[in-house]
Amino acid sequence: MQKQITEANFRLLLDSLLFKGQRVVGPRRSGGTVLYEPLASASDLVTDELPRRSVKEAFFPVCEDLLEYRKEGQQVALSDVTAERFPETVLIGVRPCDAAAVPVLDAVFSWDYKDQFFLERRARTTIIGLACTSSDDACFCSAVGLSPGDPKGADLMLTPLVGGGFLVESQSEKGEAFLETWKDRFAEPDGTQPQELATPATQPFDLKRIKAWLDDHFEDAAWDSIATRCVGCGACAFVCPACHCFDIVDEGSEKGGKRRKFWDACGFWKFTHHASGHNPRDLQPKRYRNRIMHKFKYYDDKFGQTLCTGCGRCIRVCPVGIDIAGVLEEIQDK
């Protein structure tokens, strides 16, 4: 289903959602940085800048409590986290590189174990995507099979129109239901042309060729040169919309505490450090090799898709200037 909405009605729609007590999350400026955060009014929404961190935090928080425990006499009492912790949410202004990562994460969190924390948030969230009309040198979504207007992962997709407003296209039952609920804010398309979308400069990668090289070159001297600059800071993993490594720890004392899940990264030296002291990835090139292997081989082997959406955040935040698109080009040319 296609609809159209004016800029004025779009802002009125956001304010109406908030007035009714709906939790609305979107790009907003926070301390000089654009982040996906709850909005207080329509004026908070930023539509011309990619948030510094990805949208995965809406479903997979940096740190979350799984349960609480406390000692009561000789017994240990457990308290589960309840569904009330996961409110109905409208996630708006989500860029295609972020929206496309959500179904990638779906496969991980519903594979051999159904992660109810992730799945509850997914079930209670409507994703409204926003096509990109601009890009920078770090963007490479089109190189990994996506595009600046790709609707993958979105329930509704907004495309800016010439002169203002948006073309609105439903992509799921959630999207259809949203349009029906707020039908007074939308109109039938009047033929106004969409704005020209961004054109990322990077040429499409031959992902099959890249994977074929990875299949046969686990042990290769090239990894030393490819990863020689990596310092293992983990910044790339933490801003990536598709990275999903985590650890689970118990924090507290013998009297009580919490079990928590928090982000981790395979680039950290301790990630594979065994209790015996052995570390199979004892050197940084091995850890960076795993990052590339995971994204472009292991995940593909398991789920048939690439663990990268070309958002370019890892390129922008890397303190030593590692360009993953350049790394892939180097592998492709071998």
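At 0.36 nm per residue, and after removing the present C-alpha to C-alpha distance, how many nm does the segment from residue 80 to residue 233 gain when stretched out fully? Intermediate values should be presented prior to the final figure.
On the way: separation 153, 0.36 × 153 = 55.08 nm, distance 3.33 nm.
Stretched out fully, the residue 80 to residue 233 stretch lengthens by 51.7 nm.
The relative contact order of the chain comes to 21 percent, based on Cα pairs under 8 Å that sit 6 or more residues apart. The value given for region 204-282 is a Kirkwood hydrodynamic radius of 15.9 Å, derived from the mean inverse Cα-Cα separation.
Once you mark the GluC sites (Glu not before Pro) that are in a DSSP loop and have at most 14 other Cβ atoms within 10 Å, what is the longest gap between them in the chain? Working shown, then result.
Working: sites that count: 49, 88, 196, 219, 254.
Result, exposed sites excluded: 89-195.
Between 95, 85, 291, the residue with the greatest mean-square fluctuation in the GNM of the chain (Cα pairs under 10 Å linked by springs) is 85.
Direction-averaged projected area, Cα convex hull, region 118-277: 16.2 nm², rounded to one decimal.
To the nearest 0.05, what FRET efficiency results for residue 182 and residue 212 with a Förster distance of 45 Å applied to their C-beta separation? Let's see the in-between values first.
Values: r = 48 Å, r/R0 = 1.07.
So, using R0 = 45 Å, E works out to roughly 0.40.
A Förster radius of 22 Å, combined with the Cβ-Cβ distance separating residue 201 from residue 47, puts the computed FRET efficiency at roughly 0.45.
Listed by chain and number, the lysines placed with their C-alpha closer than 25 angstrom to that of residue 71 are 255, 258, 261; residues fewer than eight positions away on the same chain are left out. Our note on the geometry: Cα centres of region 183-260 and region 1-66, 21 Å apart. With springs connecting C-alpha atoms under 10 Å apart, model the chain as a Gaussian network and identify which of 67, 13, 35 has the largest mean-square fluctuation. Comparing 67, 13, 35 in a Gaussian network model of the chain, the most mobile one is 67.
If the chain between residue 137 and residue 279 were fully stretched, how many nm would it gain, using 0.36 nm times the residue separation less the Cα-Cα distance? Don't skip to the answer; put the middle values down first.
Details: separation 142, 0.36 × 142 = 51.12 nm, distance 3.65 nm.
Computed gain between residue 137 and residue 279 is 47.5 nm.
One quarter of the convex hull surface built on the alpha carbon atoms of region 2-332 amounts to 19.8 nm², the projected area averaged over directions. Note on region 91-175: Rg/Rh from Cα positions, Kirkwood definition for Rh, rounded to two decimals, is 1.02.
Comparing 296, 262, 60 in a Gaussian network model of the chain (Cα springs below 10 Å), the most mobile by mean-square fluctuation is 262.
Each value in this text was obtained by applying a stated rule to the coordinates, not by laboratory testing. Everything numeric in this text was worked out from a predicted model, so none of it was measured. We place every Cβ from the backbone using ideal geometry, glycine too, and count neighbours over all the protein chains shown.
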